[in-house]
Amino acid sequence: MVDVKGKWTLITGASRGLGRLIAKAMAEQGCNLVLHSRNNEHCKTVLNEVKAFGIEAYTVQAELSDMEQLNAMLAEIDEKGTQIDIIFNNAGLQTTYRTEFLETPVSEYEISFRINTIAPMMICYHFVKGMSERGFGRIINTSSDINLEPQQAPYSASKAALDKVTRDLSYAYRDTDVIISLANPAWCKTDMGGENAYFEPETAIPGLLVGAFVDDKKSGRYFNAQNFKGMTLEDAVAKAETQESSY
C-alpha cells in the first residue's frame, strides 16, 4: 500500500459530496491537497477541515465546461510549483432526467461531454507526463453504472466515453508506477444523486480511494466502490490488488 504522506493530490469537485469525503480521507493519510470547485468560496469549509490534519492545501477554481478557465487553473497549479502525484477526477454534471427522452437537446450532450469527458482527460494529459518522468502517479477517474436509460443519455454516454479514453490512456502506462483507474461510487445520496439514491456517500469510501493506494503497477481497472463497503483502507487496497486489468 502506497504511503501518500507529503504527496500532492488534485481533487475536482472537492467542495461537497464525494469530493469532500475524498479530500478529508486523503488528508487523514497525510496527503497535501489542491481542492477544485467552480468558485474558491465553495471550498472554504473543506479547506479548513483538511488543514486541521496538519497538511498543506489550497483551492483553485474553474468552470470545467470552459476550457479557458480550465487551462488557467492548470497554469496556476504549475506556477505554484506543485507537482501533482495523484488525481481524483471527481467533478461531474448530470443533466435533466428526461421522460420525453426523444426531446433531449444537443446542448445537454455538449455540456456533458465537456465536463464529464473532455475536462478530466485534459487534466490527465496535463499532469501524466510529469508523473511518468518522476516515476510515480495515480489517476482515478469517476465512472458510472447508469445503463439502458435513454432518459439520462447525455450523462451515461459521456461517462462511457470517459471509461474508454481512460482505459486507452492506462494501456500506454501499463506495467509502470503510473497507475490509472476508474472508480464507480454507485448511486449515492449526494446533491447530484438526490435523496432517492441507494447508498449513503460514506459507503463509497474507501472504494473510491483504492486506486490511489494500490502498489502493483496494474492500470486499467474498474473499481466498484460498493464492493469495498465497510472495509478498512488497508483491506480494501489488498482486495483491489487482486483485481486484474480490464484489457
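The values are calculated or read from the model by the stated rules, or taken from the named source; none is laboratory data. Model, not experiment: these values are computed from the prediction. Every residue, glycine among them, receives a Cβ derived from its backbone with ideal geometry; neighbour counts consider all protein chains shown. Heads up: the accessible areas ignore ligands, DNA and RNA and are worked out on the full protein's heavy atoms, side chains in. Shrake-Rupley method; radii C 1.70, N 1.55, O 1.52, S 1.80 Å.
Using a probe of 1.4 angstrom and keeping all protein chains present, the accessible surface of region 4-75 works out to 43 square angstrom per residue.
Rolling a 1.4 Å probe over the protein heavy atoms of the chain, with every protein chain left in place, gives an accessible area that is 47 percent carbon and sulfur. Residue-wise HN-Hα couplings along region 32-40, as the Karplus relation 6.51 cos²θ - 1.76 cosθ + 1.60 with θ = phi - 60° gives them from phi, are 6, 9, 10, 9, 9, 8, 5, 9, 4 Hz; Gly and Pro carry x. Residue separation of E79 and L148 scaled by 0.36 nm, minus their Cα-Cα distance, works out to 20.4 nm of gained length. When restricted to Cα atoms, the chain yields an Rg and a Dmax of 16.9, 52 Å, respectively. Once the 1.4 Å probe is applied to the protein heavy atoms, region 79-130 comes out at 53 Å² accessible per residue. Amide H contacts for V60 (H built 1.01 Å from N in the peptide plane; partners 5 or more residues away or on another chain; cut-off under 5 Å): L35, H36, S37. Peptide packing: for 222-229, 71-78, the average count of neighbouring Cβ atoms within 10 Å per residue gives the ranking 222-229, 71-78, highest mean first. When peptides 22-28, 240-246, 203-209 are ranked by their average number of other Cβ atoms within 10 Å per residue, the highest-first order is 203-209, 22-28, 240-246.
For region 1-157, relative contact order (Cα pairs under 8 Å, six or more residues apart, normalised by length) works out to 23 percent.
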